[in-house]
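Inspection log for the structure reproduced underneath, given as structure tokens.
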Amino acid sequence: MVIKVYIASSTGSIAIKKHQQAVVGFLEANQICFQEVDITMLEEQRLWMYRNIPRDKQPEKGNPLPPQIFNEDHYCGDYEDFFQSKENNTVFAFLGLSSKPSVKHAAKHHSTWISPCMTNPDSLNNIPPLFKSPRRI
């Protein structure tokens, strides 16, 4: 399962930039494998995101703003939902993941720490080049 964070790389909103950085920073710090999907690059991705956000999470006016978080095709929530899950210490449940493997557990089964993203490097070949982030490869 891959967490997908729908972002807007070219936004004039400082709040949106900070929210995106908070989500991405948390995922990176916790070594959670994820994929950034830039909705400003491909209209198809933006429309997919809009169509797959539940009706009760849609704003009354306008379109949902990034970041929006999915686990594969399952909608997890927006920044506010993510923030609440961080405050409640329930982020892994929010993302639909089992708890993070401990370093001690990983060391017991592997001679070196293996990032969750790199447990199956071949899976990265299925990600279109536009969505590959050099920070995660």
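Computed with the Debye formula from one identical point scatterer per Cα of the range 32-71, without solvent, the log10 of I(q)/I(0) at q = 0.15, 0.25, 0.30 Å⁻¹ comes to -0.37, -0.94, -1.21.
Please work out how much length the chain gains when fully extended from residue 26 to residue 40, using 0.36 nm per residue of separation minus the C-alpha to C-alpha distance, in nm with one decimal.
Details: separation 14, 0.36 × 14 = 5.04 nm, distance 2.24 nm.
Gain in length upon complete extension: 2.8 nm.
Backbone phi angles across the range 80-97, fed through the Karplus curve with coefficients 6.51, -1.76 and 1.60 (θ = phi - 60°), yield HN-Hα couplings of 4, 5, 4, 4, 4, 5, 5, 4, 8, 6, 10, 4, 5, 5, 4, 7, x, 10 Hz in residue order; Gly and Pro are listed as x.
Each of residue 60 and residue 80 was given a label point 7 Å from its Cα along the Cα-to-Cβ line. The distance between the two points is 1.2 nm. The accessible area of residue 39, taken with all protein chains in place and a 1.4 Å probe, comes to roughly 20 Å².
Before I look further, what does the range 1-53 give for accessible area per residue, probe 1.4 Å, in whole square angstrom? Using a 1.4 Å probe on heavy atoms only, each residue of the range 1-53 averages 51 Å². Size of the range 7-47 from its Cα atoms: along the principal axes, largest to smallest, the extents are 30, 22, 11 Å.
Taken over the range 6-86, the ratio of Cα radius of gyration to 2.2 N^0.38 Å equals 1.04.
The values are calculated or read from the model by the stated rules, or taken from the named source; none is laboratory data. Here the structure is a predicted model, which is why all the values come from computation and not from measurement. All Cβ positions, even for glycine, are placed from backbone atoms using ideal geometry, and neighbour counts span all protein chains on display. Heavy atoms of the whole protein, side chains included, go into the accessibility calculation; ligands, DNA and RNA do not. Shrake-Rupley method; radii C 1.70, N 1.55, O 1.52, S 1.80 Å.
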